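The values are calculated or read from the model by the stated rules, or taken from the named source; none is laboratory data. Bear in mind the structure is a predicted one, so any value in this text is a computation, not a measurement. Cβ: placed from backbone, ideal geometry, glycine included. Neighbour counts: every protein chain shown.
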Amino acid sequence: MREILNHCGQVPLEHVAGGTVLLEEGQLTGRIYILAAGKIEVLRGKTQIAVLDEPGSLVGEMSVLLDAPHTATARTLGDAKVHFVKDGKAFFGSNPGVEAVCQEARNEPRNAGI
């Protein structure tokens, strides 16, 4: 997923405090976050189902692709740096290679899919 960072040159980089909720389960936001540094935990209800620590990891992409609410909550574990994409559909429209990678990842069993 690191190659996705090559598409983030114009995407704002935010420094986020630990414990910040990026996306909340059940909401339909259209937003995507791309991890640059740090860790993001993925929760369904109160159960942690994944910890993302690889730069280029995305959260929110499946919700955008499926036009459906987030199926999990994404929260930072410690301070993190994330690229914030306010309009995920527009981002995918201008970066079709990223959308293709996400569509492919959607079929992987380990995908948290939020």
Matching residues in segment 50-83 (farther than 15 Å from residue 21 by Cα, touching a strand residue (DSSP E or B) at 6+ places or on another chain (Cβ under 8 Å) and exposed (fewer than 15 other Cβ atoms within 10 Å of the Cβ)) number 2
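Within segment 1-26, which residues are at pLDDT below 95 and not β-branched (Val, Ile, Thr)? Outline the logic, then answer.
Of all residues in segment 1-26, those at pLDDT below 95 come to 1-12.
Within segment 1-26, 1, 2, 3, 5, 6, 7, 8, 9, 10, 12 meet the criteria.
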Residues (without any contact (Cβ under 8 Å) to a residue 60 or more places away in the chain, more than 14 Å from residue 58 (Cα to Cα) and of a type in the set (A, V, I, L, M)) located in segment 11-44:
21, 28, 43
Testing residue 30 on (1) on the phi < 0 side of the Ramachandran plot; (2) small (Gly, Ala, Ser); (3) surrounded by fewer than 17 Cβ atoms within 10 Å (Cβ to Cβ), one condition comes back false. Which one is that?
(1)
Kindly indicate which of 86, 46, 39 is loosely packed, with under 15 Cβ neighbours inside 10 Å and within 12 Å of the chain's Cα centre (by Cα).
86
Within segment 2-19, how many residues turn out to be under 15 Å from the mean Cα position of the chain (by Cα) and at positive phi?
0
Among the candidates 59, 51, single out the residue that is farther than 21 Å from residue 11 by Cβ and either out of contact with any Cys (no Cβ under 9 Å at 6 or more places or on another chain) or of a type in the set (Gly, Ala, Ser) (or both).
51
Does residue 4 satisfy being assigned to a strand (DSSP E or B) and surrounded by 15 or more Cβ atoms within 10 Å (Cβ to Cβ)?
no
Pick from segment 78-114 the residues that are aromatic (Phe, Trp, Tyr) and touching a helix residue (DSSP H, G or I) at 6+ places or on another chain (Cβ under 9 Å): which of them is modelled with the lowest pLDDT?
92
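Residue check: is residue 42 at pLDDT below 95 and of a type outside the set (Ser, Thr, Tyr)?
It is false that residue 42 is at pLDDT below 95 and of a type outside the set (Ser, Thr, Tyr).
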